[in-house]
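Reviewing the structure listed below.
Bear in mind these aren't lab numbers, they're just calculated from the coordinates by the rules spelled out. Only a predicted model underlies this, so the values are computations on that prediction, with no experimental measurement involved. For neighbour counting, all protein chains shown are included, and Cβ atoms are generated from backbone atoms with ideal geometry for every residue, glycine included.
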């Protein structure tokens, strides 16, 4: 069955947010709290949902999952009040099934999304942002929806304010990592849906490096994915990277929030952030004969005779992003 996922990016993010007036106790006031919450919901949606539900990916017939505006439209059609809307989305994400889906057409086309472990507070923030704000939509969607439903309020809500982006090294590194992950993931998911997991192994072998290199050129940065258990020997972590991998393993195991590691030397920023497994990753990085099918094992042994990148479970550090870029002049 074809499957789509709200996201393959199982990472925990902490974003610097612009704060407004403070209360007498030094905490952000109500306006600042609302702004911070909406910005966080938007960021979470973009990083966790847009891999498969991006509004700017392809034409209607080229998608691997419905755009997020379609999710909003269908749930608004069924739940007009905010509390019910948010609760329904949270319930579906917690336990996806055809019975509790409001998008039967999407299920028929893409299949039901696999069950994955998403922090409940993050799903809530995404759902609240969907309800409260207008979100980006593909050019074709309005006509598509109006032809079928005739309801122009499918994307109701406030218009999000544009937030100026300051050149902050942490934010730059996160952008480079997540945008590269998005490009790799979108192509990988398309291959899985159209050709199967076996061909996805071939895709990674032939296309992962060229795509990563193209993103390095695009961002004028050196972008690598490295591991202590590499599939390709060229992805082996060096001594510094191995130390950071161990640090991230401890943080992920502890279950707390994760911050990237940054150092600066000779005008260069060295950025590191973990790559954490989810259930989809186990198709190629889990246990042979259990989560990795025999035909996939055969492909892996042929293409990667020295493969070490198996035996993982969900929520484990498989490697890290190791990115180097010029320190911005206005970062201080």
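Calculate, for residue 242 and residue 100, the FRET efficiency according to 1/(1 + (r/R0)^6) with r their C-beta to C-beta distance and R0 45 Å; round to the nearest 0.05. Step by step, r from the Cβ atoms, then E = 0.55. Points 7 angstrom from Cα along the Cβ direction at residue 109 and residue 167: gap in nanometres? The modelled label-to-label distance comes out at 4.1 nm. Short-range pairs are left out: with C-alpha atoms under 8 Å and at least six residues apart, the relative contact order of segment 110-241 is 14 percent.
The order of 246, 39, going from fewest to most other C-beta atoms within 10 Å of their C-beta, is 246, 39.
Modelled label positions at residue 80 and residue 262, each set 7 Å beyond Cα in the direction of Cβ, lie 4.7 nm from each other. Fully extending the segment from residue 88 to residue 287 would add 68.2 nm, taking 0.36 nm per residue of separation and subtracting the current Cα-Cα distance.
Each of 152, 214 was scored by other Cβ atoms within 10 Å of its Cβ. Listed from fewest to most, they are 152, 214.
Relative contact order of segment 30-148: 34 percent, from C-alpha pairs under 8 Å at least 6 residues apart in sequence.
Residue exposure proxy: 239, 217, ordered by other Cβ atoms within 10 angstrom of their Cβ from fewest to most, comes out as 239, 217. The label point for residue 326 and the one for residue 120, both projected 7 Å from the Cα toward the Cβ, are 4.8 nm apart. Rounded to the nearest 0.05, the FRET efficiency derived from the C-beta distance between residue 134 and residue 199 at R0 = 45 Å is 0.75.
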